[in-house]
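What follows is a set of notes on a single structure, which appears directly below.
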Amino acid sequence: MDSELIDLRTGTREVVLDLTSRCEEYVAGRGDGLLHVFVPHATAGVAILETGAGSDTDLLAVLEELLPRDFGWRHRHGTPGHGRDHVLPAIIPPYATIPVLDGRLTLGTWQSICFIDTNIDNPERQVRLSFLAG
Amino acid sequence: MDSELIDLRTGTREVVLDLTSRCEEYVAGRGDGLLHVFVPHATAGVAILETGAGSDTDLLAVLEELLPRDFGWRHRHGTPGHGRDHVLPAIIPPYATIPVLDGRLTLGTWQSICFIDTNIDNPERQVRLSFLAG
Amino acid sequence: MDSELIDLRTGTREVVLDLTSRCEEYVAGRGDGLLHVFVPHATAGVAILETGAGSDTDLLAVLEELLPRDFGWRHRHGTPGHGRDHVLPAIIPPYATIPVLDGRLTLGTWQSICFIDTNIDNPERQVRLSFLAG
């Protein structure tokens, strides 16, 4: 199985980082199979959603409601409220799979593969891309 | 990799649409491997849950709470509240994977594969079924 | 495709049960591919998260807020509030996939593969582990 780690810089604020073009490059020329996107971090996830029309900001705003900073988290390391980042991957999984046909992702027109990171303590991140030929 | 798009009609209301029998037909006779269910839309997801005992209605009711129509969504196209539909795939991913043994899904007794669609603006939908032989 | 069911005992309270060591044993010696973890139950899920620093308790606490026992669930079998357990797999999917390289899971340092079960009516559970060689 081909598999590689790519480096990301997320900076020091919450981000929805579009990985689609890097995924497209990765699968180009590979024929048919499954792209597997994996985040090897305990405080980030992968989501497939539309970007550029407000939904990325909407997702971060909803997460403020669903996982409020002031919830009284048991997990107390890092920045106040960091406990929420550790629950995030249960709601937004750290993996995604997308069919690839003839070296192209079969995403719909408005779908992007996004790295979701509410952890502002760690600006250096990685994502593992793997390809299962089918 | 074998992969095909199937057409769905969701009508003009929120739906939990059971795809299990179509998935069963798709994997029949294929031996062992992984069924991949993919929704090529930015406003729908796939969930594996019990249907027919109220949980499908319960899920739509919970989504009204978690993603309220009147949240002040930045995304403002379509029907009022449509912004929530664009966040849904971050919570309910647009893909699912189910092991197949000897041409049969290994679902538990009460599990169904469901298309979850709160987007009432688009009654014509598609789902991609793919099979990775293993 | 190699695939096997393992038995779990969850007892009679909500649990976040760490399956990582059983998954490590399962993939050991298998080379490269994808580990597929599947829960054949309609009231449990799989999450990849940190355990042992409070986040497992935090997740169960958040689920009390997101899926409250007293929500007026349509699904009314079992213990009062059991309807929430049937919606849980839409939020925390009953499957997960993790790349395996040279017989080892590519999990990050703080990631564990966990069985999430809020259903206190059923202490006997199973998880299916499958390996797709790649």
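Only the coordinates and a few stated rules stand behind these numbers; no lab work does. Since the model is a prediction, treat every value here as computed from it, not as a measurement. Neighbour counts run over all protein chains shown; Cβ positions are idealised from the backbone, glycine included.
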*For C:Asp121, inter-copy label distances in nm, listed shortest first [label point 7 Å out on the Cα-Cβ vector]*: 4.0, 4.0
*So how far apart, in nm, are the two label points at A:Glu124 and B:Arg30 if each is 7 Å from Cα heading toward Cβ?*
4.2
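Dipole magnitude of chain A about its Cα centre, charges +1 at Lys/Arg Cβ and -1 at Asp/Glu Cβ only, in debye to the nearest 20?
On the way: 11 positive and 19 negative charges, 75 e Å.
Dipole magnitude for chain A comes out near 360 debye.
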*Compute the distance in nm between two label points, each set 7 Å from the Cα along the Cα-to-Cβ direction, one at A:Glu4 and one at B:Thr109.*
4.9
*Quick one: if you stick a label point 7 Å off each Cα along the C-beta vector at A:Ala53 and C:Thr79, how many nm between them?*
4.3
_Scaled radius of gyration (Cα, divided by 2.2 N^0.38 Å) that the range A:58-134 gives_ = 1.39
*Among rounded, prolate and oblate, which fits chain B when a ≥ b ≥ c are the square roots of the eigenvalues of its C-alpha gyration tensor, a/c under 1.5 means rounded, and a/b larger than b/c means prolate?*
prolate
*How far is A:Ala53 from the same spot in each other copy, in nm, shortest first, if each label point sits 7 Å from Cα toward Cβ?*
3.8, 3.8
*Rounded if a/c is under 1.5, else prolate if a/b beats b/c, else oblate: with a ≥ b ≥ c from the C-alpha gyration tensor eigenvalues square-rooted, which is the range A:91-134?*
prolate
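I'd like the FRET efficiency for B:Asp18 and C:Asp102, computed as 1/(1 + (r/R0)^6) with the beta carbon distance as r and R0 of 25 Å, rounded to 0.05. Don't skip to the end; give the middle numbers.
Values: r = 40 Å, r/R0 = 1.61.
The computed FRET efficiency comes out at 0.05.
For the range A:1-70, what class follows from the C-alpha gyration tensor (a ≥ b ≥ c being the square roots of its eigenvalues): rounded when a/c is under 1.5, otherwise prolate if a/b is larger than b/c, else oblate? Before the final figure, lay out each step's value.
Working: a/c = 2.40, a/b = 1.87, b/c = 1.28.
In terms of gyration-tensor shape, prolate.
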*Grab the DSSP H runs of chain B that are 4 residues or longer, score each as -39,500 (n - 2.57), total them, divide by all residues and round the 222 nm result to the nearest 500 deg cm²/dmol.*
-6500 deg cm²/dmol
*Separation of alpha-carbon centers, the range C:18-89 and the range A:8-63, rounded to whole Å*: 23
*asked:* I'd like the Karplus ³J(HN,Hα) series for the range A:123-134: coefficients 6.51, -1.76, 1.60, θ = phi - 60°, whole numbers in Hz, and an x wherever there's a Gly or Pro.
replied: x, 10, 10, 9, 10, 9, 9, 10, 10, 9, 5, x
*Give me the compactness ratio for the protein assembly as shown, meaning the Cα radius of gyration over 2.2 N^0.38 Å.*
0.90
_Longest segment of chain B lacking trypsin sites (Lys or Arg not before Pro) that sit in a DSSP loop with at most 12 other Cβ atoms within 10 Å_ = B:14-75
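Within the set of other residues whose C-beta is less than 12 Å from the C-beta of B:Glu24, count the net charge using Lys and Arg as +1 and Asp and Glu as -1.
Working: positive: B:Arg22, B:Arg30, B:Arg104; negative: B:Asp18, B:Glu25.
It works out to a net charge of +1.
How much net charge surrounds A:Gly45 when only other residues with a Cβ under 15 Å from its Cβ are counted (Lys, Arg +1; Asp, Glu -1)? It would help to have the intermediate numbers written out before the result.
Numbers: positive: A:Arg84, A:Arg125, A:Arg128; negative: A:Glu14, A:Asp18, A:Asp56, A:Asp85, A:Asp117, C:Glu50.
The answer is -3.
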_Under Karplus coefficients 6.51, -1.76 and 1.60, residue-wise ³J(HN,Hα) of the range C:3-14 in Hz, glycine/proline x_ = 7, 8, 8, 10, 8, 10, 10, 9, x, 10, 9, 4
*asked:* Tell me the relative contact order for chain B as a rounded percent, counting alpha carbon contacts under 8 Å between residues six or more apart.
replied: 54
*State, to one decimal in nm and shortest first, how far the label point of A:Leu101 sits from each corresponding label point in the other identical copies (label point: 7 angstrom along Cα-to-Cβ).*
3.1, 3.1
*Using a cut-off of 10 Å between beta-carbons, work out the net charge of the residues near B:Ile113 (Lys and Arg +1, Asp and Glu -1, B:Ile113 not included).*
-1
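Using a simple charge model, +1 on the beta-carbon of Lys and Arg, -1 on the beta-carbon of Asp and Glu, nothing else, what dipole does the range C:51-124 show about its Cα centre, in debye to the nearest 20? Don't jump to the answer; show the numbers that get you there.
Details: 5 positive and 10 negative charges, 45 e Å.
Using Cβ point charges on Lys, Arg, Asp and Glu, the range C:51-124 gives about 220 debye.
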